[in-house]
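Have a look at this one before I ask anything.
Bear in mind that the values in this text are calculations on the coordinates, not laboratory data. These figures come from a predicted structure and were not determined experimentally. Here the Cβ positions follow ideal geometry from the backbone for every residue, glycine too, while neighbour counts run over all protein chains shown.
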């Protein structure tokens, strides 16, 4: 293995490369259908004139003496037109190795970028794997951070097992279009390098990975794949929804007769479509007459049993040989004619018909009963499974019994989860509007995926919210445990999110007074979570998208899937990194140590967002720095007015100075130097003229003074605002 010491990041811009179609031959006339032993089906092609567009334009190059399709640093191994998937070999592995020459660590952070292309990483076929004996690694993207920790200390390593001992794994977030690998430098092999020299993190096809204990002791893992790791990609033909794409037949990709358009969702919930052959047809829907009839009679010789199979367009038909007739799909020999009295024939016919009709109804009735019984058994299985997981986390076991809804009731409330009742869709699930039998209007959250992590997140959110009681925390009405991933039932908040109200077109957004009140209400709810509940709860994903507003613009903190409960007597917990980029506490990001001050940092970001009306996870200044970095820089330079929302400058003075200073304290890099959420709540309450939780005020009054921004700290914004 040759691991260079260069820190150059391999930045891959994906415009793709793929091969081996499911049905051979699906290329335009005159265009190469193969590159080496790999089929190149349209919309892919060798050269621009043979591809649907430049995104699908491939090169056929010699790699180690063998012709293979490729584009830039990607080598193609398989293309599936039917499934709209592609298999490629990538070099985007991240590694961290001990260097005996320097006595320190050298690393390489692999990354890939598929933005602006029709490709994204499959969250079903791939996983993130981390290999090492003292390793904490994670990938970051435009809106997520996710990773895990592996160790060899006091654990037994096993071949084929990747659950934290020498190897750990996490699911790939849905719709990943960009990622970058990272290592936490506090976890390294400087003291154990004789036994474990290198650590690795790779996003790759999960079916191709099999952990070996020897991977942590040598470079065998890297060498096994020769530095190239298989990755499964999804792709789409166009970036419009079917109903829009079909209006312009000049660019519409589903050109074959007997083809259908299917809507797909890639990164950031952006619409798109792919093409498929209709039922009974197979081939390539992207070329003229590419979808060909399937001759079922050749595919299965016994399709019609002993009868005659006749192929028809998109289907087939069965008939019988002379001397036989068809009954219930089976050819039966005709009996010899025997003289039978007419009345007997009629009687036998009526009797047989009645018996046959009774049998048909009986079979249908039994099938229906069996179906109902199976569904009931499955619901009971999921109920017991989820109830057990829930009871493990609940302090008050009676809560679980009082909040349970049946699946039948929720299906009735949502008209069987009709799309017309859909309120919105996010990374964890889809939310529907429901009307209960009591005429209460509720929001019902239904998971998109059935992976174990989703089940655990839903159970976690249910366990936390069921024990919360605060006017600014979204109220949990109950749950349904009869599905594989529980359904969650919340109070219906009809007025959208803080983000949707704040980031609107035009000069006017929420008034300064509303922004200040929403900040106070959010701080109040977080302070309650941290200190007033039976167990300190860290939200871990505080952001404007997770703050709902009702008809009176009252704040309701929501989405507790990532939250963690920490016993009151513990200051924090070491855990896998999770959160939203732009709001994520950098101290937690570096150390994996989650404390209540992590929420304080995220709340500080929201204060900056309220002051500036700029999105923290997408803002980039002219000098390419983040919103928070720009905010802190302008605070120091006494030029904060340059980034503030003009509406805030007009309506907010002099409160703006205080809020900006408060935000700066929340954003301190050292978590111990940040205020508590209770102290933040008190300060905002004073600005609003609200007596906030006076029972805590005496205890916290002196403590808060240590977090005041003073002129001695070099941050004084009193001259930053035009008078």
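What FRET efficiency, computed as 1/(1 + (r/R0)^6) with R0 = 51 Å and r the Cβ-Cβ distance, is obtained for residue 415 and residue 113, rounded to the nearest 0.05?
0.75
Along Cα→Cβ, 7 Å out, is where each label goes; now give me the distance between the ones at residue 278 and residue 500 in nm to one decimal.
For the pair residue 278/residue 500, the computed spacing is 3.9 nm.
Compute the distance from the alpha-carbon center of region 537-586 to that of region 459-518, in whole Å.
12 Å
Something else: Between residue 686 and residue 185, what is 0.36 nm times their sequence separation minus the Cα-Cα distance? Round to one decimal in nm.
176.2 nm
Now for a separate question. State the extension gain, in nm to one decimal, for the chain segment bounded by residue 263 and residue 72, taking 0.36 nm per residue of separation less the distance between their alpha-carbons.
Separation in residues times 0.36 nm, less the Cα-Cα distance, equals 65.8 nm.
State, in angstrom, two size descriptors of region 552-642 derived from its alpha carbons: Rg to one decimal place and Dmax to the nearest whole number.
Computed over the Cα atoms of region 552-642, radius of gyration and Dmax are 15.2, 46 Å.
Can you give the FRET efficiency for residue 306 and residue 364, using 1/(1 + (r/R0)^6), R0 = 35 Å, r = Cβ-Cβ distance, to the nearest 0.05?
0.80
Please rank 438, 522, fewest neighbouring Cβ atoms within 10 Å first, as an exposure proxy.
Fewest to most other Cβ atoms nearby, the residues stand as 438, 522.
Tell me, in nm to one decimal, what length is gained between residue 570 and residue 673 on full extension, where the rule is 0.36 nm per residue of separation less the Cα-Cα distance?
35.3 nm
Moving to a separate point now. I want to check the label-to-label distance for residue 219 and residue 244. Put each point 7 Å from Cα in the C-beta direction and report it in nm to one decimal.
About 4.9 nm separates the two model spin labels.
List the extent of the Cα atoms of region 242-289 along each of their three principal axes, largest first, rounded to whole Å.
33, 22, 14
Moving to a separate point now. I want to verify the translational diffusion coefficient of region 200-325 in µm²/s; compute it with Stokes-Einstein, Rh as the Kirkwood radius over Cα pairs, at 25 °C and 0.890 mPa s.
Approximately 128 µm²/s, per Stokes-Einstein.
Could you list log10 I(q)/I(0) for region 498-713 at q = 0.07, 0.14, 0.16 Å⁻¹, which the Debye formula gives when each Cα is one point scatterer?
Those come out to -0.19, -0.83, -1.12, one per q.
Taking R0 as 45 Å, what FRET efficiency do you get between residue 357 and residue 299 from their Cβ-Cβ distance, rounded to the nearest 0.05?
Computed FRET efficiency for residue 357 and residue 299: 0.80.
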